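The values are calculated or read from the model by the stated rules, or taken from the named source; none is laboratory data. Quick caveat, the model's predicted, so the values are computed rather than measured. Heads up, the Cβs are rebuilt from the backbone with ideal geometry, glycines too, and the neighbour counts pull from every protein chain shown. Keep in mind that these areas ignore ligands, DNA and RNA; they rest on the heavy atoms of the full protein, side chains included. Shrake-Rupley method; radii C 1.70, N 1.55, O 1.52, S 1.80 Å.
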Amino acid sequence: MRWDHLAENPSTPQSTGDAALFGASAVTTRTFDTPEFRGITFHEVRARSILNRVPGASRMPFEWTVNPYRGCTHACVYCFARKSHSYLDLDTGLGFDSQIVVKVNAPELLRRRLAARSWQGAHVAMGTNVDCYQRAEGRYRLMPGIIAALRDRANPFSILTKGTLILRDLDLLVQAAEVTDVGVSVSVGFTDETLWRTVEPGTPAPERRLDVVRTLTGHGIGCGVLMAPVIPFLGDSPDQLRATVRAVAAAGATSVTPLVLHLRPGAREWFMAWLREHHPSLVRRYERLYAAGAYAPTWYQRRITRQVHELATEFGIGPSGPGLPRRIGRPGAGGPGGERPEQPEQPEQTQLTLL
């Protein structure tokens, strides 16, 4: 396994420079003989950095990210972050789902970095690579320390998750929202239970995720829904889109942002293998739809976006711009300068997590 001289994947919204994140002497490997962790190996590391700067060429609407985990037990067959496991000489298929890197010193590293004179209090995004509220968080409890560090410095942040475990930290989120801008988005690409069980086998059910939206909203923390991914030919029928947007509206979401499935290297191979096994009749259609690369054609993306936004209007939800994290702040607070980030005319669709 390659631990030394490790840098985060330069194609993802992270960069840590030339220094290794951690050395081999800092790695402890553990397994736990409990039902929820059976078959999963945890590699506990003491990271050398935790705040990752987004490359300047990125279209992400934030500059800094925190990712306390690598690999994800959500096991979403389409997860774009799978490729990052190859930089550790780990398998991007089953290995990504079962070999989890845990940065056990993430809270203390973040607290130290936020206290540095050089830190200017920029927005920090979490959940942009793998889910910070995956099952491992139930054991390692890194997020309470991370949120507390951000709260204590009144540092704005956002979280994107498929995990219901975020409700464990509800009190901390409420406290943070009293002193800074806090944004929460929950990822729900569809409400079809059959599709969920096959493509997102390790995640909470879509309805449970929508319960998170209800609870957060009920406690004064507005919560948007990233409708991601919309899966061509499996989750994109008019009836499926309508059912999903209706459920999102009923949960009280402040926004709904559709993102069509994209298949980057690493994810593409794993997803197509799954497709050949479960839906062989769709393989040729996918090969044609994604013939030009990782993204579905612009005409298809625009069609889905238009349909979802029309449904959002019908059900009384205000859609947010493609790829933007929902930022919820104190009453009357907006984004930086009270304005929303400027959007490019035709942004490249970017799935922000496992999503």
Report ³J(HN,Hα) in whole Hz for each residue of the stretch 257-272, in order, from the Karplus equation J = 6.51 cos²θ - 1.76 cosθ + 1.60 where θ = phi - 60°; Gly and Pro get x. 10, x, 9, 6, 3, 10, 10, 7, x, x, 6, 4, 5, 5, 5, 5
Karplus ³J(HN,Hα) for the stretch 28-41 (6.51 cos²θ - 1.76 cosθ + 1.60, θ = phi - 60°; Hz, whole; x = Gly/Pro) runs 10, 9, 9, 10, 10, 8, 10, x, 6, 10, 5, x, 10, 10
Skipping prolines and chain starts, which residues have an amide H placed within reach, meaning under 5 Å, of the one on GLU44, given they are 5 or more residues away or on another chain? THR28, THR29, ARG30, VAL102
Checking rank on 124-130, 260-266, with mean other Cβ inside 10 Å and highest first, the result is 124-130, 260-266
Ordering of 151-157, 253-259 by burial proxy (mean other Cβ atoms within 10 Å per residue, highest first): 253-259, 151-157
Mind listing P(r) for the stretch 39-84? All alpha-carbon pairs, 5 Å bins, whole percents. 5, 14, 19, 24, 22, 11, 4, 1
The farthest towards the positive end of the charge dipole of the stretch 186-238, of the residues MET227, GLY189, VAL213, given +1 on Cβ of Lys and Arg and -1 on Cβ of Asp and Glu, is VAL213
Compute the FRET efficiency between ALA250 and TRP299 as 1/(1 + (r/R0)^6), taking r as their Cβ-Cβ distance and R0 = 41 Å, and round to the nearest 0.05. 0.85
First compute the accessible area of the stretch 52-196 with a 1.4 Å probe, then give the percent of it belonging to carbon and sulfur atoms. 47 percent
So if R0 is 25 Å, what FRET efficiency would TRP274 and ALA154 give, r being the distance between their Cβ atoms, rounded to the nearest 0.05? 0.05
From the phi of every residue in the stretch 116-127, what ³J(HN,Hα) in whole Hz does the Karplus formula 6.51 cos²θ - 1.76 cosθ + 1.60 yield, where θ is phi - 60° and glycine or proline is x? 5, 4, 6, 7, 9, x, 5, 4, 10, 9, 10, x
Summing +1 per Lys or Arg and -1 per Asp or Glu among the other residues with Cβ less than 15 Å from PHE233's Cβ gives +1
For the stretch 24-108, rounded, prolate or oblate, judged on the Cα gyration tensor with a ≥ b ≥ c (square roots of eigenvalues), a/c < 1.5 rounded, else prolate if a/b > b/c? oblate
Local net charge near SER187, Cβ-Cβ under 9 Å (Lys/Arg +1, Asp/Glu -1): +1
So who's got an amide H within less than 5 Å of the one on GLY183, skipping anything under 5 residues away but keeping other chains? H placed 1.01 Å off N, in plane. PHE157, SER158, ILE159, ILE328
